[in-house]
Amino acid sequence: MLNPSRYAWTDTETLGAHLESRGVSRRDFVKFCGEMAVILGIGSTAAPRVAKALQSLKRPSVIWLQLQECTGCVESVLRTAEPTIGDLVLDVVSLDYQHTLMAGAGDAVEKAKQAAMAANKGQYLLIVTGSIPTKENGIYTTIGGRTAKDVLEEAASGAAAILALGACAHWGSIQAARPNPTGAVGVRDIIKNKPIVNIAGCPPIGDVVTATAVHYLTFGRLPAVDGEGRPLFAYGKRIHDQCSRRAHFDAGQFVQAFDDESARKGWCLYEVGCKGPATFSPCPIFQWNTRTSWPIGAGHPCIGCTEPNFWDTMTPFYGRLPNVGGFPVERRVDTIGMALALGAAAGVAAHGAATVLTQIRRRKATHQVPETSGDEGERHG
Amino acid sequence: MAKTKVVVDPITRIEGHLRIEAQSENGRIAKAWASSTQFRGIEIIMQGRDPRDAWAFTQRICGVCTVVHAVASCRAVEDALNIKIPANANTIRNLVHGMQFIQDHVIHFYHLHALDWVDVVSALKADPAATARLAQTLSPWPNNGEPEMRAVQERLKKFVGAGQLGIFTNGYWGHPAYKLPPEVNLLAVAHYLEALDWQRDVIRLHTVFGGKNPHPNFLVGGMASAINLDSTATINAERITDIADMIKRARVFVEQVYWPDLVAIAGFYKEWGAIGGGVPNFLACGEFPEADIRDLDKLYFPRGIILDRDLTKVHEYDHKKVQEFIHSSWYEYSKGPEAGLHPFEGETSPKYTGPKTPWTYLQDEAKYTWMKAPRYEGRPMQVGPLSRMLVAYASGHPDVKPMVAETLGKLQVGPEVLFSTLGRTAARGIETVLLARKMEQWLGEMISRIKNGDVATFTGDKWEPSTWPAKAEGYGFLDAPRGSLGHWVQIENGKIARYQCVVPSTWNCSPRDAQGQEGPYEASLQDNHPLVDPERPLEILRTIHSFDPCMACGVHVLDAEGREVVEVKVQ
């Protein structure tokens, strides 16, 4: 994963400070700027102005709103390894508003947020965790006496782009599970005029979050996304297509009950409810917590938490996605995946049909799932 | 000085959304109100679901204490269906929950609480050599040398010099209540950064057993992580070695960094041993079963109740004496607003009656929070590390009693200082040290069982709903990092009919009841509590953070039927 602190002069600090830390004096720096000014044809007298412009390059401002949520997404980002959260906060970005870590409170932090939004208008990156309750004029979450919706709309208006971090900010998640008592929705349901990237998952893997932020800061644009707004570099493949237990699926070797002989051999968890065949997620590749393991790796079926409405479409979690009637090894995985998705819709939760099917269709429409290739290898976004 | 109305919203460095209002006069707080400003409705959502899925839903109540609701939920369902889990599963849960405690308490100290006591800007003035000398008198920790301290200070200087203060913007730097010498401040900043790296490492224990953190996976009837020494895909010797190393690194950091820092910093703030005591009653439901959960004498941290700060008597805890009230909360009851309901008959209909947003003040309102008011035999109770350590101390616990005595000796203070803001923070450290030492023993016991051929991690005889009675109810308890947690579940025809939680922050953040008794946050802020500058409410943060609030946990909906949620009218 990219770690900007390993690169020479990036956005991690002002250029002046960066050069100084490497033993370049201010006098040398101004001299350099004079030469640059001549080369650029704007005359050596412009040197101080060039120097000032370069020196004032700052760490990009990030404003982080925590709305209706459990703080699990913040904790997940605290677990990132490359860059570490310490590097991120001190060297990579200027985290100008974040409830969990900020030193001040109340008015002091609200003023800090207002100042950062004004100073970086149109340029800051807005990170949002948590859903937005819409029933009863949004009274179900307030911050500083204002509703979550009000706070979000204000912060979004001056943002360059928005990272909707986690299932709650993506589509509402647990709060939006049937019957959605507070009318919870995701960021995309409120904000329509800004680029939004959805970092799906409950929570997402911290490294996906930082990789997306680093992508934006390093390449100056947001990563390519799928129909759900999820970055392809992380969510481009189904868990089933990358699973370390896939060979057991193909060989028809299934865990029938937890802790049975086949569970102790690490066989496929499909029969005890695994939702990997219907879930697009980086879990098997990125893995969790410095690549220590991942849910299926630790013996529990996938619950499908990167997919919208998974609390209703993927439950009961231990219910088996319907049998697809034998699946010989040579059979194309897409066909099986489609059959499983259809079956899931019919057998696990009837009203989930549209959602799961739509996911597959959308991907086909946007060429994220190849129509033909029998190869179960690379997918192309 | 005139009476000043104070509002602190948002309270930062906590989980969730909390608003504190107060009235201050002559540098003291006269009255305080704690308001929870978020409502999510998770128990309504639980209704009609598969009880075996409940752990995953309730786990999402909180992503900070990401283990506790999941385990309490499994225990509630296992209680209802009379499932006894294998010894290995119990040990794995203890290891997972134990590491949750250790990691969570250290994060709380450095990243949520320390900046109430540590002036980051002052650290710029420290002498790195003197800092290293001081650090080396406190602890043998190898990263306390002068080069390390100098490097941290340089990094901080560069950060401040760049003019972008980020998370430190508008902190209360230079506030007269900050008392640490620059060198202690620098040492704390160094360990603030080290702890960020440390926590990421040790919490991987959750990933080995639960596949991820936050929100590792659990299983009704045991744990899903099978044990097989001869497989690459299960708990095997390689995994056990990794875990053993994490446990060791956790203990060393707690013993050589967290605990010495806590004691050193506390030494400069002894006056906080007489501030913020508040509610004099303490409840601990007990935790870390070392045998079957039903064997209540085999809990490592014992169960019990202390009343009126009387440490000569530990009263028995009975969950049937818990009731929730809504006198000051935005809900209504079918039995009227003054009824108290046990969770098995609990009901909740949200009814917002507060002012239109944006709010100015809530303190003049009759109802002012989404938090209900749990009471034990009508009494407000403190829960959390201090309650656990007081109950254990008063019970003559063989590990807790000497550790408390040693701590009081080091600080040269008497046991009366335990009833305070400082006492809550110290108790958290004490139990962390004890748990960090206990983990190795638990892992050793599991290794012994594996050696003897016992590798079971799951009991499946009651897995199928066809084996369940038509009706069942269960109580799952767990003493979480922030205090006593209870889940109450009622199952009918294989589905959840009612699900209710009374959680630590509901106890601690509870509002006033009909008798006018304040909840613990409020009572603590009204107990000999300074507030020198209402514009910079540093002292309020100290006391509120000493409870380690977890607001998302505290707020929940307990709708018996899950279908008649009364429409809320903003008035």
- Message: Probe radius 1.4 Å, ligands and nucleic acids left out: which of A:THR147, A:THR290 has the largest accessible area, and how do the rest follow?
- Response: A:THR290, A:THR147
- Query: How big is D, in µm² s⁻¹, for the stretch B:446-521 by Stokes-Einstein at 4 °C and 1.567 mPa s if Rh is the Kirkwood radius over C-alpha pairs?
  - Reply: 80
- Query: Given a 1.4 Å probe and the protein chains all in place, what does the accessible area of A:TRP267 round to, in Å² to the nearest 10?
  - Reply: 60
- Task: Please go through the stretch A:206-255 and write out the trypsin sites (Lys or Arg not before Pro) that DSSP classes as loop and that have at most 10 other C-beta atoms within 10 Å.
- Result: A:ARG221
- Query: Using a Cα distance threshold of under 25 Å, what count of lysine pairs results for the stretch B:281-355 when pairs must be 8 or more residues apart or interchain?
  - Reply: 7
- Query: Sorted by accessible area (1.4 Å probe), largest first, how do B:ARG249, B:ARG49 line up?
  - Reply: B:ARG249, B:ARG49
- Take every DSSP beta bridge whose two residues both sit in chain B, then give the antiparallel share in percent to the nearest 5. 90
- Item | Rounded to the nearest 10 Å², the accessible area of B:PHE268 at probe 1.4 Å | 90
- Query: What does the highest-first list of B:415-425, B:155-165 look like by mean Cβ count within 10 Å?
  - Reply: B:415-425, B:155-165
- Task: Report the equivalent ellipsoid semi-axes for the stretch B:264-325 in whole Å, largest first, defined as the square roots of five times the eigenvalues of the gyration tensor built from alpha carbon atoms.
- Result: 28, 18, 11
- Item | Dipole magnitude (debye, nearest 20) for the protein assembly as shown, charges at Cβ of Lys, Arg, Asp, Glu | 1620
- Message: With +1 on the Cβ of every Lys and Arg and -1 on the Cβ of every Asp and Glu, and nothing else charged, how large is the dipole of chain B about its Cα centre, in debye rounded to the nearest 20?
- Response: 500
- Item | Heavy-atom SASA rank of B:LYS320, B:LYS212, B:LYS179, A:LYS194 (probe 1.4 Å, accessible area, largest first) | B:LYS320, B:LYS179, A:LYS194, B:LYS212
- Note on the structure: Sorted by chain and then number, the residues having a modelled amide H within less than 5 Å of the amide H of B:THR369, at least 5 places away or on another chain, are B:TRP330
- Item | Radius 14 Å from Cβ of B:THR241, net charge of other residues (Lys, Arg +1; Asp, Glu -1) | 0
- Cα gyration tensor, the protein assembly as shown - rounded (a/c under 1.5), prolate or oblate: rounded
- Message: Can you give me the solvent accessible area of B:ASP533 with a 1.4 Å probe, rounded to the nearest 10 Å²?
- Response: 40
- Cβ neighbours within 10 Å from other chains - mean over A:164-175: 2
- Query: Over all residues in B:17-23, what is the mean tally of Cβ atoms on other chains that come within 10 Å of each residue's Cβ?
  - Reply: 3
- Query: Counting only other chains, what is the mean number of Cβ atoms within 10 angstrom of the Cβ of each residue in peptide A:143-155?
  - Reply: 3
- Message: Can you show me the helix-derived [θ] at 222 nm for the protein assembly as shown, built from DSSP H runs with n ≥ 4 at -39,500 (n - 2.57) apiece and divided by the number of residues, rounded to the nearest 500.
- Response: -10500 deg cm²/dmol
- Between the residues B:TRP33, B:LEU81, B:ILE11, the Cα farthest towards the positive end of the dipole of the stretch B:10-123, that dipole coming from +1 and -1 charges on the beta-carbon of Lys, Arg, Asp and Glu, is from B:LEU81
- Query: Over the stretch B:114-203, what per residue volume does the convex hull of the Cα atoms give, in whole Å³?
  - Reply: 108
- Taking square-rooted eigenvalues a ≥ b ≥ c of the alpha carbon gyration tensor, is chain B rounded, prolate or oblate, where a/c under 1.5 means rounded and, failing that, a/b exceeding b/c means prolate? oblate
- Note on the structure: per DSSP, antiparallel bridges as share of beta bridges in the stretch A:125-218, % nearest 5, sits at 30
- For the stretch B:247-379: rounded, prolate or oblate by the Cα gyration tensor [a/c cutoff 1.5]: oblate
- Message: Below 8 Å between Cα atoms, with a sequence gap of 6+, how large is the relative contact order for chain B in percent?
- Response: 26
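The values are calculated or read from the model by the stated rules, or taken from the named source; none is laboratory data. Note that the structure is predicted; figures quoted are calculated from it, not measured. Note: ideal-geometry Cβ built from the backbone for every residue, glycine included; neighbour counts use all protein chains shown. We work out accessible area using only protein heavy atoms, side chains counted, and drop any ligands, DNA or RNA first. Shrake-Rupley method; radii C 1.70, N 1.55, O 1.52, S 1.80 Å.
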